[in-house]
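Peer 1: Sharing a structure, written as structure tokens. Questions coming.
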Amino acid sequence: MEKTNTKKLKCASHNTFKEWRPTTFEYEEEGIMVRVPNVPAWVCPEDGEASFTPEIVDEIIVTMRELLESAKRARKRRTVLTEYIVSVGENTV
Ligand SMILES: [Zn+2]
């Protein structure tokens, strides 16, 4: 993972500098929750609010769409399995 983003971001509500560190990206659609752990982002030390860079969002969105489609198909089959965790390769964070 390249760290192209070096300028610090400030949290508008707490007036503190955000920290560049791994956090969990969460997205919910039609009752389906997709969580992506260890995503590097600017995180507010006060409340943990994360700002993701556009590059990372673009990358996550593509996979997220596919995961949501799979989850919707699984729901139609009325499967008893309700949670899936997918990992790809080594954690380089
Ligand atoms: Zn904050």
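Peer 1: Take GLU46 and decide whether it is part of a loop (DSSP other than H, G, I, E, B) and out of contact with any Lys or Arg (no Cβ under 9 Å at 6 or more places or on another chain).
Peer 2: For GLU46, the condition - part of a loop (DSSP other than H, G, I, E, B) and out of contact with any Lys or Arg (no Cβ under 9 Å at 6 or more places or on another chain) - is met.
Peer 1: Quick check on the range 62-83: of everything there that is part of a loop (DSSP other than H, G, I, E, B) and of a type in the set (S, T, N, Q), which residue is nearest to the ligand (Cβ to nearest atom)?
Peer 2: My answer is THR82.
Peer 1: Testing ARG35 on (1) in contact (Cβ under 8 Å) with a residue 24 or more places away in the chain; (2) under 15 Å from the mean Cα position of the chain (by Cα); (3) away from the ligand (no atom under 16 Å from the Cβ), one condition comes back false. Which one is that?
Peer 2: ARG35 satisfies all of (1) in contact (Cβ under 8 Å) with a residue 24 or more places away in the chain; (2) under 15 Å from the mean Cα position of the chain (by Cα); (3) away from the ligand (no atom under 16 Å from the Cβ) except (1).
Peer 1: So, GLU59, is that one surrounded by 12 or more Cβ atoms within 10 Å (Cβ to Cβ), under 13 Å from the mean Cα position of the chain (by Cα), within 16 Å of the ligand (Cβ to nearest atom) and at pLDDT below 95 or not?
Peer 2: Spelling it out, it is not the case that GLU59 is surrounded by 12 or more Cβ atoms within 10 Å (Cβ to Cβ), under 13 Å from the mean Cα position of the chain (by Cα), within 16 Å of the ligand (Cβ to nearest atom) and at pLDDT below 95.
The values are calculated or read from the model by the stated rules, or taken from the named source; none is laboratory data. Since the model is a prediction, treat every value here as computed from it, not as a measurement. FYI the Cβ positions are ideal-geometry reconstructions off the backbone, even for glycines, and counts take in every protein chain you see.
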